[in-house]
Amino acid sequence: QYRFLDPTVFPMSYGSFQSRYAIMGGFEGRQYIGARNVEELTRKTHECGFRVKKEECLDLPPKTFEDYPVELDVKTRQLYRTLQKQSIAELENGGEVTANHVLVRMLRLQQLTGGFLVDDAGEKHQVNTAKLDALRDIVEALVLDEGKKLIIFSRFLAEMDAIQEMVGPMLRKERLSLVRIDGSVKAKERGGIVTRFQGDPSCRVFLGELDACAEGLTLTAAQTVVYYSVNWNYAKYQQSADRVHRIGQTGTCTYIHLVVPNTIDSKIMMALKTKEDLAKSVVDNWRSILSEEE
């Protein structure tokens, strides 16, 4: 990038640059360990560039955030507590606690709050519709009654399938439609899907997989986003929220999070509100994250 901007800023080879500014280690010295000559590097990188934040140069409308509490039925709450206790016991008795082990157990708990229980074979079974019922109320009020467009983000494909099966018939009954983008949709096909949502008045709902839709899309035709489930990566969450909060947006952007209280949902939301990336802190804090303690 700097060779394109100004080749005189770093007029050295890649190897020379690495030797000057990077501390390398690990296998065959190929792993980046840290930086060296940081003051010099900072000064040079600012010689032909400057940083401006979005809020400093764009006149964008405000954002509002709200948590929509969703209560699980007694049977599902019992399933959740059983899975929670099993997860804690396995980590306590399993020797070394790694980030991957903790993240897998967090994943299972989050899938259950969304309505799905994953068995030992990896099969997903729908065990409740609490979040679907809450989403139905939002779609009826916002899309069908008020005639507005809506974005629904979800982390899991099973949830997306369930949402589509519920919302699709609701819209078709009123001669309306939805569009969907998940990881299986090729990049070259996504532009047409976004164009339809942005320009077709009858296309009222955009259903998106979080990881597939966090970057590169402009969805300013809507002003409301429902997070059916969220990613615990703060950067991904922030990027997805900015799909509507961009140039061309004229109304207040509202973000609604479907949250089951006193579960992994509330732990993730707490982390996002403090701009914490849970994936980076699970090893040190796994017990408090998986327990019901707030």
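The values are calculated or read from the model by the stated rules, or taken from the named source; none is laboratory data. What you see is a predicted model, and the numbers here were worked out from it, not measured in a lab. Backbone-built Cβ (ideal geometry, glycine too); neighbour counts: all protein chains shown. The accessibility values were calculated without ligands, DNA or RNA, using every heavy atom of the protein model including side chains. Shrake-Rupley method; radii C 1.70, N 1.55, O 1.52, S 1.80 Å.
Details
- In the assembled protein chains, PHE156 presents an accessible area of approximately 20 Å² (probe radius 1.4 Å).
- Cubic angstrom per residue, convex hull over Cα atoms of segment 99-174: 93
- Accessible-area composition of segment 112-242, carbon plus sulfur, in percent [1.4 Å probe]: 45
- Residue among ASN100, GLN249, VAL9 farthest towards the positive dipole end of the chain, charges placed on Cβ: VAL9
- 13 Å Cα-Cα reach of LYS63 towards aspartates and glutamates, excluding residues that sit fewer than 8 places from it in its own chain: GLU55, ASP242
- SER19 accessible area, assembled protein chains, probe 1.4 Å, Å²: 80
- By accessible area with a 1.4 Å probe, ligands and nucleic acids excluded, highest first: order of LYS188, LYS85, LYS131: LYS188, LYS85, LYS131
- A straight Cα-to-Cα reach below 13 Å connects LYS148 with the aspartates and glutamates GLU140, ASP200, residues fewer than 8 places away in its own chain not being considered.
- Working note: 222 nm ellipticity from helices only, DSSP H runs with n ≥ 4, each -39,500 (n - 2.57), summed and divided by the residues of the chain, gives -13000 deg cm²/dmol to the nearest 500.
- Here the spin labels are modelled as points 7 Å beyond Cα on the Cα-Cβ line, and at LEU144 and LEU60 they lie 3.3 nm apart.
- Rounded to 5, the percent of DSSP beta bridges in the chain classed as antiparallel: 20
- Here the chain is treated with +1 on each Lys and Arg Cβ and -1 on each Asp and Glu Cβ, and its dipole about the Cα centre works out to around 820 debye.
- The chain - percent relative contact order, Cα under 8 Å, separation 6 or more: 21
- Fully extended contour minus Cα-Cα distance, from LYS75 to TYR32, at 0.36 nm per residue: 10.6 nm
- Separation of the ASN93 and PHE4 label points, Cα + 7 Å toward Cβ, nm: 5.6
- Note on the chain: GNM, Cα springs under 10 Å; of ARG36, ARG172, ARG51, the largest mean-square fluctuation is that of ARG36.
- Rounded if a/c under 1.5, otherwise prolate or oblate - the chain, Cα gyration tensor axes: oblate
- Greater than 19 Å apart at Cα, pairs in LYS124/LYS236; LYS124/LYS267; LYS75/LYS131: LYS124/LYS236; LYS124/LYS267
- Area accessible to solvent at HIS125, 1.4 Å probe radius, in Å²: 90
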